[in-house]
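*Asks:* Dumping the structure here so I can ask a few things about it.
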């Protein structure tokens with residue numbers, strides 16, 4: 001079906017030859033560093049092109065796990081539509097929304113969790129471990145519940161209560177960490193090294209990228225078998241934007257599109273490590289990543305290198321936004337589209353308005369909404385009551 005390719009050195013590996021990172025490039029890796037040696041799946045693109053039909057498009061042709069191992073968890077195929085009201089409000093003629101807040105657990109992370117759990121079924125692994133600020137954790141817990149697998153979650157104690165509640169109601173084992181997401185990431189890595197289990201950590205397991213690419217494949221089909229001009233993505237650890245890039249990359253390699261859309265990285269002003277990396281070419285941790293947008297609050301983004309490449313290679317750019325503007329955008333988005341997005345997703349509207357001069361108003365621009373506002377109603381209440 002495919003080989004894994006290292007994004008750092010380019011070396012190829014067989015499907016079951018490695019599980020997580022390129023052994024050569026990651027040998028000096030320690031938690032607290034961006035990942036090197038992240039793997040991506042390289043398919044037989046000629047074969048996919050020969051089998052792909054626009055009359056009956058089968059996106060499973062691009063999957064790194066066979067359908068027979070899929071859990072009973074029905075996700076994806078989320079709405080993709082033009083927003084006339086938002087287009088009129090912002091001055092863009094073709095402003096579209098891809099609304100992943102309507103996945104079963106309320107976030108984009110269901111795409112990655114689904115594929116990792118499918119892999120666990122394939123290799124007969126019963127326990128899946130992850131670190132998360134909330135969305136990946138509640139997503140993994142949901143998919144594990146559907147498949148009868150055990151989910152072990154390491155989550156910072158600052159995670160929104162609604163997300164913690166989801167994890168518990170799905171039956172996950174939750175370890176609350178006194179510290180940040182980065183500390184939870186370290187503890188989860190140490191756990192699987194000592195005790196086993198399949199580690200779902202974002203980018204560390206290559207299938208998280210393969211799962212997150214599926215929104216790009218859907219956009220291509222939903223958009224009449226063509227790519228949009230630009231996609232704005234909320235960015236924390238850099239895996240969603242890398243996944244979107246990978247989906248369009250696969251389509252390009254198959255000859256189904258000519259050009260990958262410009263990918264626009266939107267970060268909080270405080271959680272800005274990838275933004276600064278894109279701008280300067282020099283990586284540096286975010287000094288103080290505290291932000292109302294908890295889903296994109298990361299000191300050391302795991303997939304910084306691939307995320308930077310996704311933006312630079314598509315002639316995209318990066319923009320940072322203030323918390324107060326994020327919360328204003330949340331209300332604007334809800335009041336004009338009926339979509340109540342969590343703060344991290346609302347950031348993309350703020351980013352569009354801040355970087356307005358970087359776009360042609362005739363371009364087809366997509367705002368990627370990655371999570372529901374119901375995940376963190378406390379942030380909304382604080383803003384509305386403030």
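The values are calculated or read from the model by the stated rules, or taken from the named source; none is laboratory data. A quick note: this is a predicted structure, and the numbers were derived from the prediction, not measured. So basically every Cβ, Gly included, is an ideal-geometry build from the backbone, and we count neighbours across all protein chains shown.
*Asks:* Could you list, ordered by first residue, the pairs with Cβ atoms under 8 Å in which the first is in the range 73-95 and touching a residue at least 12 places away in the same chain (Cβ under 8 Å) and on the phi > 0 side of the Ramachandran plot and the second is surrounded by 20 or more Cβ atoms within 10 Å (Cβ to Cβ) and assigned to a strand (DSSP E or B), at least 6 apart or interchain?
*Replies:* Every condition considered, no pair remains.
*Asks:* Restricting to the range 349-359, and then to whatever is touching a residue at least 24 places away in the same chain (Cβ under 8 Å) and out of contact with any helix residue (DSSP H, G or I) (no Cβ under 8 Å at 6 or more places or on another chain), can you tell me which residue is farthest from residue 336 (Cα to Cα)?
*Replies:* Result: 358.
*Asks:* Restricting to the range 179-190, name every residue that is in contact with a strand residue (DSSP E or B) (Cβ under 6 Å, 6 or more places away or on another chain) and at pLDDT 90 or above.
*Replies:* 187, 188
*Asks:* Within the range 17-45, take every residue that is in contact (Cβ under 8 Å) with a residue 24 or more places away in the chain and over 22 Å from the mean Cα position of the chain (by Cα) and give me the one that is surrounded by the most Cβ atoms within 10 Å (Cβ to Cβ). Walk me through it before giving the result.
*Replies:* Taking the range 17-45 as the starting set, the residues that turn out to be in contact (Cβ under 8 Å) with a residue 24 or more places away in the chain are 19-21, 31-45.
Right, trim to over 22 Å from the mean Cα position of the chain (by Cα) and you get 44-45.
Values: 44: 13, 45: 17.
Among residues in the range 17-45 that are in contact (Cβ under 8 Å) with a residue 24 or more places away in the chain and over 22 Å from the mean Cα position of the chain (by Cα), the one surrounded by the most Cβ atoms within 10 Å (Cβ to Cβ) is 45.
*Asks:* Can I ask one more? Can you report the number of residues in the range 51-93 which are more than 23 Å from the chain's Cα centre (by Cα), under 23 Å from residue 358 (Cα atoms) and surrounded by 16 or more Cβ atoms within 10 Å (Cβ to Cβ)? Working first, answer last.
*Replies:* Residues of the range 51-93 more than 23 Å from the chain's Cα centre (by Cα): 51-57, 68, 84-93.
Within this subset, residues satisfying the condition of being under 23 Å from residue 358 (Cα atoms) are 84-93.
Okay, now just the ones that are also surrounded by 16 or more Cβ atoms within 10 Å (Cβ to Cβ), so 86-87, 89-90, 92.
Residues that pass the stated criteria total 5.
*Asks:* Continuing with this model, one more query. As an exercise: evaluate residue 238 against (1) surrounded by 19 or more Cβ atoms within 10 Å (Cβ to Cβ); (2) at negative phi and give the number of the one condition it does not meet.
*Replies:* Going through (1) surrounded by 19 or more Cβ atoms within 10 Å (Cβ to Cβ); (2) at negative phi one by one, residue 238 breaks only (2).
*Asks:* When the residues of the range 3-12 are narrowed to those that are surrounded by fewer than 16 Cβ atoms within 10 Å (Cβ to Cβ) and in contact (Cβ under 8 Å) with a residue 24 or more places away in the chain, which ends up nearest to residue 285 (Cα to Cα)? Spell out the reasoning first.
*Replies:* At the first step, the residues of the range 3-12 found to be surrounded by fewer than 16 Cβ atoms within 10 Å (Cβ to Cβ) are 9-10, 12.
Subsequent filtering for residues that are in contact (Cβ under 8 Å) with a residue 24 or more places away in the chain retains 9, 12.
Details: 9: 23, 12: 30 Å.
So, considering only residues that are surrounded by fewer than 16 Cβ atoms within 10 Å (Cβ to Cβ) and in contact (Cβ under 8 Å) with a residue 24 or more places away in the chain, the one nearest to residue 285 (Cα to Cα) is 9.
*Asks:* Related question: Condition first: part of a loop (DSSP other than H, G, I, E, B) and in contact (Cβ under 8 Å) with a residue 24 or more places away in the chain. Can you find one or more residues in the range 181-189 that meet it? First the steps, then the outcome.
*Replies:* Step one: list which residues in the range 181-189 are part of a loop (DSSP other than H, G, I, E, B), which gives none.
Checked against the condition, which is being part of a loop (DSSP other than H, G, I, E, B) and in contact (Cβ under 8 Å) with a residue 24 or more places away in the chain, the range 181-189 yields no hits at all.
*Asks:* Shifting gears a bit: Right, residue 139: crowded, with 24+ Cβ neighbours inside 10 Å, closer than 14 Å to residue 211 by Cβ, touching a strand residue (DSSP E or B) at 6+ places or on another chain (Cβ under 8 Å) and in contact (Cβ under 8 Å) with a residue 12 or more places away in the chain or not? Reasoning before the result, please.
*Replies:* Numbers: crowded, with 24+ Cβ neighbours inside 10 Å: yes; closer than 14 Å to residue 211 by Cβ: yes; touching a strand residue (DSSP E or B) at 6+ places or on another chain (Cβ under 8 Å): yes; in contact (Cβ under 8 Å) with a residue 12 or more places away in the chain: yes.
Spelling it out, residue 139 is indeed crowded, with 24+ Cβ neighbours inside 10 Å, closer than 14 Å to residue 211 by Cβ, touching a strand residue (DSSP E or B) at 6+ places or on another chain (Cβ under 8 Å) and in contact (Cβ under 8 Å) with a residue 12 or more places away in the chain.
*Asks:* Show the residue pairs that are 6+ apart or on different chains and have beta-carbon atoms under 6 Å apart, the first residue being within the range 193-212 and at positive phi and crowded, with 24+ Cβ neighbours inside 10 Å, the second being in a helix (DSSP H, G or I) and modelled with pLDDT of 95 or more.
*Replies:* These pairs meet every condition: 203/239.
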